[in-house]
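Participant: Before I ask anything, here is the structure I am working with.
Here, each number is a calculation from the coordinates, and none is a lab measurement. It should be emphasised that the depicted structure is a prediction, and the values quoted were computed from it without experimental measurement. Cβ: placed from backbone, ideal geometry, glycine included. Neighbour counts: every protein chain shown.
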Amino acid sequence: MDPRIRFAMEFMKENLDKQLTLADLAEKVNLSPSRFSHLFKLETGDSPARHLKKLKIEKAGELLETTFLSINEVMKQVGLCDKSHFLRDFKKTYGVAPSIHRSRCFNRDDHTRQPCYAD
C-alpha cells in the first residue's frame, strides 16, 4: 500500500474526534484533494469519507461494548454530531440500534462485560 495512504489511514484512526476534511487529509500527505481521493479509492476501494465514517462507527461500537458512556458521549468521542445519521449508520453496520448492541454485550447476571459480536 502507498505509504501516504497508510499514513492518512493511521491519522484518521488517531483523530476520530475531529472533523477531518478531504483537504486536511490531502495536505497531511502533500497531495491535492482530487489526487488523494483517487489514490485512496484505488488503494482501499473506499472513498476517504466512507472509510472515515466506518472507522467512527466501529469505534462507537467498541466504546458501547467497553464503557458506560451515554450514546451522546460516544458520538462526541468519535466526532459525530447528527444523532439521526449516527443511529442509521450504526444500525446499518451492526444490525441493531446502539442501545440494543450495548445490552447484548452486558451480562446482567454477573454484571460483567462479555465479548460482544454482531449477530
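Participant: Counting C-alpha atoms alone, how compact is the chain: give Rg to one decimal and Dmax as a whole number, in angstrom.
Facilitator: Rg, Dmax (Cα atoms, Å): 16.2, 54.
Participant: Between beta-carbons, use under 15 Å as the cut-off and find the net charge around residue 40, counting Lys and Arg +1, Asp and Glu -1.
Facilitator: On the way: positive: 4, 6, 13, 28, 35, 41, 50, 53, 54; negative: 2, 10, 24, 27, 43, 46.
Combined, the nearby Lys, Arg, Asp and Glu give +3.
Participant: With +1 on each Lys and Arg Cβ and -1 on each Asp and Glu Cβ, and nothing else charged, work out how big the dipole of the chain is about its Cα centre, in Debye to the nearest 20. Walk me through the numbers before you get to the answer.
Facilitator: Numbers: 21 positive and 17 negative charges, 61 e Å.
Its charge dipole is roughly 300 debye.
Participant: Give me the orientation-averaged projected area of the Cα convex hull of the range 3-50, in nm², one decimal. Write out the running numbers ahead of the final one.
Facilitator: Working: hull surface 11.5 nm².
If I average the Cα hull's projected area over directions, I get 2.9 nm².
Participant: Moving on. Which value at 222 nm does the chain reach when only helices count, each DSSP H run of 4 or more adding -39,500 (n - 2.57), with the total divided by all residues and rounded to the nearest 500 deg cm²/dmol?
Facilitator: Values: 7 runs with 76 residues, N = 119.
-19500 deg cm²/dmol, from helical runs alone.
Participant: Summarise the long-distance tail of P(r) for the range 51-113 by giving the % of C-alpha pairs beyond 17 Å.
Facilitator: Details: 635 of 1953 pairs.
For the range 51-113, the share of Cα pairs beyond 17 Å comes to 33 percent.
Participant: Once the Cβ-Cβ distance between residue 30 and residue 54 is put in as r, and R0 is 22 Å, what FRET efficiency do you end up with, to the nearest 0.05? Please report the intermediate quantities before stating the final value.
Facilitator: On the way: r = 25 Å, r/R0 = 1.12.
So, using R0 = 22 Å, E works out to roughly 0.35.
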